[in-house]
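Here the structure comes first, spelled out in structure tokens, and everything after it is commentary.
The values are calculated or read from the model by the stated rules, or taken from the named source; none is laboratory data. Here the structure is a predicted model, which is why all the values come from computation and not from measurement. Reconstructed Cβ throughout: ideal geometry from the backbone, glycine too, with neighbour counts over all protein chains shown.
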Amino acid sequence: MDEANNKLNIRVYGQSLVDSDNPTVNVFITEDGIRSNNQSGASGVWTHNNVLREVLTGDWGAEVQFAEDGSYEYTTEWDVKTSIRGSYGTTSVNLDNISVVAFISNTDSSNPSNCEVYNCAKVENVISSGVDRTAADDVHVYADGSSIVIDGSFDEARVWTVDGVTVRSMGEGDGMTTVQGLAPGIYVVKVTSGTGSQVTKVMVD
């Protein structure tokens, strides 16, 4: 957080694990905890979460530049706002509930079915923390033969098949955790730690 210039500095980085025709990085600003009581055909008060506040990378994302070793890094910034003007007027923003969502995907403006998301992460409460935060920054997920390795400390981890079947659900882990005996295919791994969460697609041979 650059308090002098009222800007939130954002850094997205990672490693390429699969081939992509046109990989792009997308960065969204979202807000949780928005209470509302105006809805046609309904009454009462309810809370909206993950409300999109701003897109920092354009409609189709920003091009990903890969280094020779397959790593990438993208930086951007958000001009911190305490209010946003929309179609129905101006609404206030609760900066304590602001999150940053970033994801890497293939982009094909002519074929929405060819816009697969490869990896994503969300960092919550980025303004109120007052410090730089990265989602599960010290946790690395990768394939090793027929196993998936989660290297680092985490509070919770879960592994799914691409069709949504849970393969393994784990509580707190520290060091190197291995999920063994997996059939060949693509798996989705979500790791949650005190600094946020990350979702990674892993291909097992």
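Does S153 fit the bill of being of a type in the set (S, T, N, Q), under 23 Å from V18 (Cβ atoms) and at pLDDT 85 or above?
no
Could you list all residues from the stretch 161-187 that are surrounded by fewer than 18 Cβ atoms within 10 Å (Cβ to Cβ) and in a strand (DSSP E or B)?
Residues satisfying the conditions are T161, T166, V167, R168, S169, M170, M176, T178, G185, I186.
List the pairs whose first member sits in the stretch 23-46 and is more than 30 Å from D108 (Cβ to Cβ), whose second member is among the hydrophobic types (A, V, I, L, M, F, W, C) and at pLDDT 90 or above, and whose Cβ atoms are under 7 Å apart, counting only residues at least 6 apart or on separate chains?
I34/V51
When you scan the stretch 1-86 for strands (runs of 3 or more DSSP E) that lie fully inside it, which ones turn up with 1 or more residues that are modelled with pLDDT under 85?
Fully inside the stretch 1-86 and qualifying: 7-15, 34-36, 46-48, 83-86.
Tell me, yes or no, whether the stretch 16-28 has at least one residue that is aromatic (F, W, Y), closer than 16 Å to K122 by Cβ and crowded, with 16+ Cβ neighbours inside 10 Å.
Within the stretch 16-28, one or more residues are aromatic (F, W, Y), closer than 16 Å to K122 by Cβ and crowded, with 16+ Cβ neighbours inside 10 Å.
C115 versus (1) assigned by TED's automatic domain parsing to the domain that holds T30; (2) over 18 Å from L17 (Cα atoms); (3) at pLDDT 85 or above: which is the lone unmet condition?
Going through the list (1) assigned by TED's automatic domain parsing to the domain that holds T30; (2) over 18 Å from L17 (Cα atoms); (3) at pLDDT 85 or above, C115 breaks only (2).
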